Amino acid sequence: MTDESILVLGATGSTGRRVTAQLRLEGRTVRAASRQGHTNGGVRFDWTDPDTWADAVGDATSMYLMAPHELPVEPEFVDTAVASGIRRIVLLSSRGIEPMDDTRLLAAEQLVRDSGVDWTIVRADWFDQNFDEGFFRAAVMAGELAVPVGDLGQAFVDAGDIAAVAAKALVGRGHEATTYEVTGPEALTFAEAADAIGRAAGRKVVFRGEPDAYRAVQREIGFPAEQTERDIVAFTALRESGGGDATDTVRTVTGREPRSFADYAADAAARGAWRDGR
């Protein structure tokens, strides 16, 4: 048991709740921060409300830092956290942000590097949980998934493995000034991932990798056409970059093998993740 407190942002999200659970399992004191705050036994934190920032940090000395997809990591918050006593930051970022020109995450990474405290950047590949907890679930349930990446391979990674790496970086030594690329054990195309889910869930899931299919889906849900075209440009750049191979980061940092996509799909299906009416 240690008396040092660790701030976990997004503590109700896919990785944040798993980081929180892992740390508490190890006997660590966690300040689990979310917009729901005290209703979930944690502390309230809202990126859009600076009045919540200092109270959320409290007496924490380390921080798991991430922001919702649409929001930047605010420099003023990082300044507040460091001034309040944070001495180690582990940032959740993403692979492929250079070819996709993800200015939000590129800026966040530079902000952390310039923070003046120990830092680790966790660059994760596509989450497995995007398919049952995140933005791909509706497409899986509808039976058609459209992402304009063609047959590009991606090393889909389980959120539990991401959390395990982040937890090690938050409490261990030797992770300072390091960027980890965190992946699953193998690269799969989206079509292969969709097929694995379909077989596990007993439902047909078709993948469409061409831009026109993506345009049609985004238009149907009322997504702005200008943003759709920007997405297609970014995905095209990712496809042309060749994507990313699997890494051995999970094994090297945690000492265990990463979870396979097939195991993830089987477990999620057994939990009823893709059951109608869920």
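Some notes on this structure:
- Residue check, VAL140 surrounded by fewer than 23 Cβ atoms within 10 Å (Cβ to Cβ) and touching a residue at least 40 places away in the same chain (Cβ under 8 Å): yes
- Restricting the first member to the range 59-80 and to residues that are on the phi < 0 side of the Ramachandran plot, and the second to residues that are exposed (fewer than 14 other Cβ atoms within 10 Å of the Cβ) and aromatic (Phe, Trp, Tyr), the beta-carbon pairs closer than 9 Å and six or more apart or on different chains are HIS69/PHE135.
- Looking across the range 244-268 at every residue that is small (Gly, Ala, Ser) and in contact with an Asp or Glu (Cβ under 9 Å, 6 or more places away or on another chain), the one that is surrounded by the most Cβ atoms within 10 Å (Cβ to Cβ) is identified as ALA265.
- Restricting the range 174-193 to residues that are part of a loop (DSSP other than H, G, I, E, B) and of a type in the set (D, E, K, R), the residue that is nearest to VAL112 (Cα to Cα) is GLU176.
- Of all residues in the range 53-67, those satisfying the criterion of being closer than 18 Å to GLN110 by Cα and in a loop (DSSP other than H, G, I, E, B) are MET66, ALA67.
- Set ARG275, ARG215: member being open to solvent by 30 Å² or more (accessible area, probe 1.4 Å) and either part of a helix (DSSP H, G or I) or among the aliphatic types (A, V, I, L, M) (or both): ARG215
- Considering residues of the range 143-160 that are of a type in the set (Asp, Glu) and out of contact with any Lys or Arg (no Cβ under 6 Å at 6 or more places or on another chain) only, the residue surrounded by the fewest Cβ atoms within 10 Å (Cβ to Cβ): ASP151
- Only one of ALA187, ALA191, ALA163, ALA196 that is more than 15 Å from THR247 (Cβ to Cβ) and surrounded by fewer than 20 Cβ atoms within 10 Å (Cβ to Cβ): ALA191
- Each residue in the range 15-49 was checked for being polar (S, T, N, Q), open to solvent by 30 Å² or more (accessible area, probe 1.4 Å) and either modelled with pLDDT of 95 or more or within 20 Å of VAL78 (Cα to Cα) (or both), and 3 of them qualify.
The values are calculated or read from the model by the stated rules, or taken from the named source; none is laboratory data. Predicted model, so just to flag it, every value in this text is computed and none were measured. Glycine gets a Cβ as well: all are built from the backbone with ideal geometry, and neighbour counts include every protein chain shown. Keep in mind that these areas ignore ligands, DNA and RNA; they rest on the heavy atoms of the full protein, side chains included. Shrake-Rupley method; radii C 1.70, N 1.55, O 1.52, S 1.80 Å.
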